[in-house]
Amino acid sequence: MQLVFFDRKWFITSQGDNITFTASATLDGNILMYGTTGTDFVKFYANSTTGIDWELETALWPMGDPIRDKQALKVGIEATLGTGFASLQAYIDSENQQSPAIDFANTVFWVNNLGTVIPWVNNSSEQIGWTGQGGSVTSGYFLYKSDAKMYGKYLGLTVTGNTTPFTINGFQLEHELRARF
């Protein structure tokens with residue numbers, strides 16, 4: 001497990017291996033991390049094509065008024081993907097509970113009245129995907145958005161997924177202020 005301090009914030013990462021020793025090296029102005037299991041030499045964060053499991057949890061935000069209830073209405077996640085598909089699950093957190101999972105993906109599914117996904121197949125019998133972003137399915141900027149249902153004095157987000165390297169640019173949470181106390 002690595003504790004990383006970046007942009008005045010702490011992050012916890014893991015390579016998933018039984019790393020016993022680590023060292024850093026600077027190459028062309030970039031700091032690179034290496035480690036060993038005792039028999040293997042591993043470059044950290046080097047694989048940009050295999051998706052990794054990750055979890056991000058924000059603080060619980062008072063949203064300017066800690067004594068008023070807030071009701072979450074919409075949630076948005078802005079992300080820039082490197083390569084590959086992204087599949088994210090977001091949860092709205094409060095001081096007392098967590099919402100059911102909200103699924104996000106950068107593909108569009110066609111669904112019939114029974115809720116069954118309708119597959120689209122090309123002339124090679126391969127299933128094809130659709131995207132709501134101007135032609136680029138697997139890279140670039142995406143705004144994932146959905147309705148949200150959660151309430152509490154404090155609201156936050158937990159986001160999990162399995163993706164190739166990406167950047168989360170921001171979170172959006174539309175809410176209404178409700179009763180005091």
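The values are calculated or read from the model by the stated rules, or taken from the named source; none is laboratory data. What you see is a predicted model, and the numbers here were worked out from it, not measured in a lab. Every residue, glycine as well, gets a Cβ built from its backbone with ideal geometry; the counts of neighbours run over all protein chains shown.
Being outside any loop (DSSP other than H, G, I, E, B) and either surrounded by 15 or more Cβ atoms within 10 Å (Cβ to Cβ) or basic (Lys, Arg) (or both) narrows it down to one residue among Phe11, Phe104, Phe5; which is it? Walk me through how you get there before you give the answer.
Working: Phe11 fails: either surrounded by 15 or more Cβ atoms within 10 Å (Cβ to Cβ) or basic (Lys, Arg) (or both); Phe5 fails: either surrounded by 15 or more Cβ atoms within 10 Å (Cβ to Cβ) or basic (Lys, Arg) (or both).
Result of the check over Phe11, Phe104, Phe5: Phe104.
Are any residues in the range 69-78 loosely packed, with under 15 Cβ neighbours inside 10 Å and of a type in the set (A, V, I, L, M), and if so, which ones?
Once the filter is applied, which keeps residues that are loosely packed, with under 15 Cβ neighbours inside 10 Å and of a type in the set (A, V, I, L, M), the range 69-78 yields only Leu73.
Would you point out which residue out of Tyr34, Tyr91 is under 16 Å from Ala148 (Cα atoms) and either of a type outside the set (A, V, I, L, M, F, W, C) or without any contact (Cβ under 8 Å) to a residue 12 or more places away in the chain (or both)?
Checking each option against the conditions leaves just Tyr91.
Given (1) among the acidic types (Asp, Glu); (2) farther than 20 Å from Ala101 by Cβ; (3) under 25 Å from the mean Cα position of the chain (by Cα), where does Asp65 come up short, assuming only one miss?
(3)
Tell me the residue from Leu81, Leu3, Leu73 that is within 30 Å of Arg178 (Cβ to Cβ) and under 23 Å from the mean Cα position of the chain (by Cα), please.
The conditions single out Leu73.
Could you tell me whether Pro66 is at pLDDT 90 or above and loosely packed, with under 12 Cβ neighbours inside 10 Å?
Spelling it out, Pro66 is indeed at pLDDT 90 or above and loosely packed, with under 12 Cβ neighbours inside 10 Å.
Residues in the range 21-58 that are in a loop (DSSP other than H, G, I, E, B), exposed (fewer than 10 other Cβ atoms within 10 Å of the Cβ) and at pLDDT 80 or above: how many?
The number of residues fulfilling the criteria is 4.
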